[in-house]
Amino acid sequence: MSDTAKLEELKAKHGTVYTLTVPTSEDETQTATIYLKKLDRATYSAVSKLISKDELQATEVLLKNLYIGGDDLKLITDNFDALRSASISIVPIIEAKGATLKKN
């Protein structure tokens, strides 16, 4: 199955799908690409508790809970540099969207 077909299948099943590509080698010639589903409340709660104590552990919990396909997740979670790279890249997933409060 092609990457495009796999991605379309994941979108049909999960709705929003994020693609995360992380370098896994020192010279950045090798990468791991994984697919993540949309953040859910339980994962957000777990990650929120961990993020101020251990950012990398929080990243690992986030990735394990949102992972829906792609390369083997261990290529990232078992590689310190790759996990650090992933932690920087996934910030948009956990950030809240802007809201507006207006007194009427």
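Near SER87, within a Cβ-to-Cβ distance under 15 Å, what is the net charge of the other residues, with Lys and Arg +1 and Asp and Glu -1?
After counting each charged neighbour, the total is -3.
Taking the Cβ of ASP54 as the centre, find all other residues whose Cβ is under 14 Å away and add up their charges (Lys, Arg: +1; Asp, Glu: -1).
+1
If you line up the long axis of helix 3-14 against the longest principal axis of the chain, both from Cα atoms, how many degrees apart are they, to the nearest 10?
Computed tilt is about 30 degrees.
Could you tell me which label, among (i) 1.01; (ii) 1.12; (iii) 1.18, carries the value of Cα Rg over 2.2 N^0.38 Å calculated for this structure?
Of the labelled values, this structure produces (iii).
Tell me, what is the 1.4 Å probe accessible area of SER52, in Å² to the nearest 10?
That residue has around 100 Å² of solvent-accessible surface.
With respect to the cross-link table entries LYS11/LYS74; LYS11/LYS103; LYS53/LYS97; LYS49/LYS97, which display a Cα-Cα separation exceeding 30 Å?
Flagged as over cut-off: LYS11/LYS103.
Please report the net charge: other residues with Cβ closer than 15 Å to the Cβ of LYS37, K and R +1, D and E -1.
Around LYS37, the charge tally is +3.
What's the carbon and sulfur percent of the chain's accessible surface, probe 1.4 angstrom, rounded to a whole number?
49 percent
Evaluate the charge dipole of the chain about its Cα centre and quote only its size in Debye, nearest 20, assuming +1 on the Cβ of each Lys and Arg and -1 on the Cβ of each Asp and Glu.
980 debye
Could you work out the helix-only [θ] at 222 nm for the chain, with each DSSP H run of four or more residues adding -39,500 (n - 2.57) and the total divided by the number of residues, to the nearest 500 deg cm²/dmol?
Only helices count here, giving -14500 deg cm²/dmol.
Helix 80-89 versus the longest principal axis of the chain: what angle, 0 to 90°, nearest 10, using Cα atoms?
In the chain, helix 80-89 runs at an angle near 40 degrees to the longest axis.
Once Lys and Arg get +1 and Asp and Glu get -1 on their Cβ, which of PHE80, THR24, GLY70 lies farthest toward the positive end of the dipole of the chain?
It is GLY70.
Keeping all protein chains in place, calculate the accessible area per residue for the range 21-70 (probe 1.4 angstrom), answer in Å².
Each residue of the range 21-70 exposes 60 Å² on average to a 1.4 Å probe.
The values are calculated or read from the model by the stated rules, or taken from the named source; none is laboratory data. From a predicted model like this one, the values you see are computed outputs, not experimental measurements. Cβ: placed from backbone, ideal geometry, glycine included. Neighbour counts: every protein chain shown. SASA here: full protein model, heavy atoms, side chains in, ligands and nucleic acids out. Shrake-Rupley method; radii C 1.70, N 1.55, O 1.52, S 1.80 Å.
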